[in-house]
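Working notes for the structure below.
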Amino acid sequence: MKIYTIRDIAQMAGVSVTTVSRVLNNRPDVSRETQEKVRRVMQEHHFVGNANARGLKQAESDLIAVIIRGRRNPFLNDLAELMLQYAWDSRAAFITEYIDERADEFHHALRLIGERRITGIIFVGSRIDERCASLADMGIPMVFATVSTENTAMARRASSVSIDDRSMAREAVNALLDRGCRRIVVFGGDREGTDSLALRAQGAQEALEARGLTLDEGHYVETRLTLEDAYAAALDYFRSRPDADAAFCMSDTAAMGVIRALHDLRRRVPEDVSVLGVDGVDVDEFLTPRLSTVAQPVQEIARRSVEVLRDMMERGAPAQHVTVGAELILRESVK
């Protein structure tokens, strides 16, 4: 009899691996119709998504928690889905937890540890919270995906897999400068924060200062990087600063919101304003104009994150810090 995997079930049900995982974990954010469809496929193929189904004792199985900060970020959703696939392939059970961008991932991790027998955690899109050091003291290995812990107080407690956000932002802003843009606005997060967005702000500032320009408050827009928030922030900014000729957005989702705002203000992209995002999500190529971006290697980040965590869980390996490459892709949204 064939042994079916979670990917087989997802394909037969016509849903994502993440959706199957949510059904297995009895998550409330899946419609009743979808739950019934997935469970019907699982029943038809005698699929049980837990460690016992593989002939392992529950007490001996590994349970990885993947905590994703950002419910509507397509890049983070793709990254989390790939992590679940790699975790499943490595014969580890897993649970997923989606939290709001402003939520406290440390308290969410503590709650999961209290409720379930968690043996490892991957934080996706999170800030670096030094309180998480206490999780390491509890013997729980951690990996931060998409933000580096290497030069922080967490360096010896938590592993990380990420691009070089600072260098990436320098390259992105330099690409705009090389094409004649001089009045560049940056749409990002908290410049004083502890996540990848703060590093990107530093890189953007360094690129501008090297050309005799500045990234003052008038050229930096702090916003949540959702479509709606970036759209509203861009409307406010470009109404008061019609002379801006380029926008560097710290996510592709934010860039989409900015482009829509420019369209509604009758500003042409890229003729009036060039727009450059970060992440490299699939939909970029299907926008009008096609979105220029700095693509993160989502499959490599997912694979290495799971590998590093398994290394810590199985061999007691020390914290590792993996830097992966990003690729600047210039399309129609940059002149």
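None of the figures in this text is laboratory data; all of them are computed from the coordinates on show. Here the structure is a predicted model, which means the values were calculated and not measured. Don't worry about glycine lacking a Cβ; one is built from the backbone with ideal geometry, like all the others, and counts go over all protein chains shown.
Laid out as a table, the results:
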| quantity | calculated |
| --- | --- |
| The chain, relative contact order [Cα under 8 Å, separation at least 6], % | 16 percent |
| Two-site FRET efficiency, Asp137 against Glu307, from Cβ-Cβ distance with R₀ of 22 Å, rounded to 0.05 | 0.40 |
| Degrees, to the nearest 10: 196-210 long Cα axis against longest axis of the chain | 30 degrees |
| Distance in nm between pseudo-label sites at His107 and Glu150 (7 Å out along the Cβ direction from Cα) | 3.3 nm |
| 0 to 90° range, to nearest 10: angle between helix 105-115 axis and the chain longest Cα axis | 10 degrees |
| Charge sum, other residues only, whose C-beta stays under 13 Å from Pro270's C-beta, Lys/Arg counted +1 and Asp/Glu -1 | +2 |
| Asp190-Gln11 FRET efficiency (beta carbon distance; Förster radius 45 Å; 0.05 resolution) | 0.70 |
| Antiparallel DSSP beta bridges within region 227-335, as percent of all bridges there, nearest 5 | 30 percent |
| Length released on extending from Glu300 to His45, taking residue separation times 0.36 nm less the Cα-Cα span | 88.7 nm |
| Rough spin-label spacing in nm, given labels placed 7 Å along Cα→Cβ, for His321 and Arg239 | 4.3 nm |
| Cα-based helix-to-principal-axis angle, 227-240 vs the chain, degrees rounded to 10 | 10 degrees |
| Estimated 222 nm signal from helices in the chain, with DSSP H stretches of n ≥ 4 weighted -39500 (n - 2.57), rounded to 500 | -12500 deg cm²/dmol |
| Of all DSSP beta bridges in the chain, antiparallel share, percent nearest 5 | 10 percent |
| Ordering of 257-266, 7-16 by packing [mean C-beta count within 10 Å, highest first] | 257-266, 7-16 |
| Among [x] 20.9; [y] 20.4; [z] 23.0, the entry that matches Kirkwood radius over Cα pairs in Å as calculated here | [x] |
| Stretchable slack from Arg116 to Glu206, in nm (0.36 nm times residue separation minus alpha-carbon distance) | 28.0 nm |
